[in-house]
1. If I go through the stretch 95-109 residue by residue, how many of them are aliphatic (A, V, I, L, M), over 15 Å from the mean Cα position of the chain (by Cα) and either crowded, with 20+ Cβ neighbours inside 10 Å or in a loop (DSSP other than H, G, I, E, B) (or both)?
2. For the stretch 24-39, give me each residue that is without any contact (Cβ under 8 Å) to a residue 24 or more places away in the chain and not in a loop (DSSP other than H, G, I, E, B).
3. I'd like the residue in the stretch 40-93 that is of a type in the set (S, T, N, Q), within 19 Å of Leu6 (Cβ to Cβ) and in a loop (DSSP other than H, G, I, E, B) and, out of all such residues, is modelled with the lowest pLDDT.
4. Does Thr9 meet the test of being among the hydroxyl-bearing types (Ser, Thr, Tyr), out of contact with any strand residue (DSSP E or B) (no Cβ under 8 Å at 6 or more places or on another chain), modelled with pLDDT of 95 or more and not in a loop (DSSP other than H, G, I, E, B)?
5. What's the number of the condition Ser91 fails, among (1) closer than 28 Å to Gly15 by Cα; (2) free of Cβ contacts under 8 Å to residues at least 40 places away in the same chain; (3) among the small types (Gly, Ala, Ser)?
6. State yes or no: is Ser137 under 22 Å from Val7 (Cα atoms), touching a residue at least 40 places away in the same chain (Cβ under 8 Å), hydroxyl-bearing (Ser, Thr, Tyr) and in a helix (DSSP H, G or I)?
7. Looking at Glu29, Glu82, Glu23 in this structure, which one is within 25 Å of Arg145 (Cβ to Cβ) and of a type outside the set (Gly, Ala, Ser)?
8. Being surrounded by 22 or more Cβ atoms within 10 Å (Cβ to Cβ), of a type in the set (A, V, I, L, M) and not in a helix (DSSP H, G or I) is the filter here, so list the residues in the stretch 110-119 that pass it.
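The values are calculated or read from the model by the stated rules, or taken from the named source; none is laboratory data. What you are looking at is a predicted structure, and each value in this text was computed from that prediction instead of being measured. Backbone-built Cβ (ideal geometry, glycine too); neighbour counts: all protein chains shown.
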Amino acid sequence: MEMRELVETVRAFEGILVLAPEEGGPFPEIAWGDSFFYFAPGGEVPANTQPFTTIVTKDYPDDTASRLGDGRWRVNVHVGSELFRELIGSSPKDAVSVDHAEADAILPHPVYAALGWVSVVNPAERTSAQVLDLVRSAYYDAVRRADRRRSADAG
């Protein structure tokens, strides 16, 4: 799976806002080239909400275990505790130690596993279809959370 392909697939979901920071824009240089996916039918980043999926193209200062860059990129998906347990075989807070640089494998996120995030470096034959399913599931979860917030605000 190519990164561009994943971005275009998610961009087609209803109500999606894709932040893709580029040089010269309002976002810090460290984020240039990465993508952040929000359910935001109004076209604005929702307050107090994290993206449900991200794509990073380089290591961040506190996140170097995946050895990104030079064609290596990583998709990160919020899956929650239950699905995390099914995928990884442990609870998010007890995530197993793995080689976070392994490509084409669903792994606990190197920094945010405890919050129910998984990651895949360079999704390919083994993981592409499952990554798309996980991203769709994360999208639907984000839609449900937004609906609950709207209902709570209206009540």
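1. So the answer is 4.
2. Glu29, Ala31, Phe36
3. Gln50
4. yes
5. (1)
6. yes
7. Sole residue among the options that is within 25 Å of Arg145 (Cβ to Cβ) and of a type outside the set (Gly, Ala, Ser): Glu82.
8. Val118
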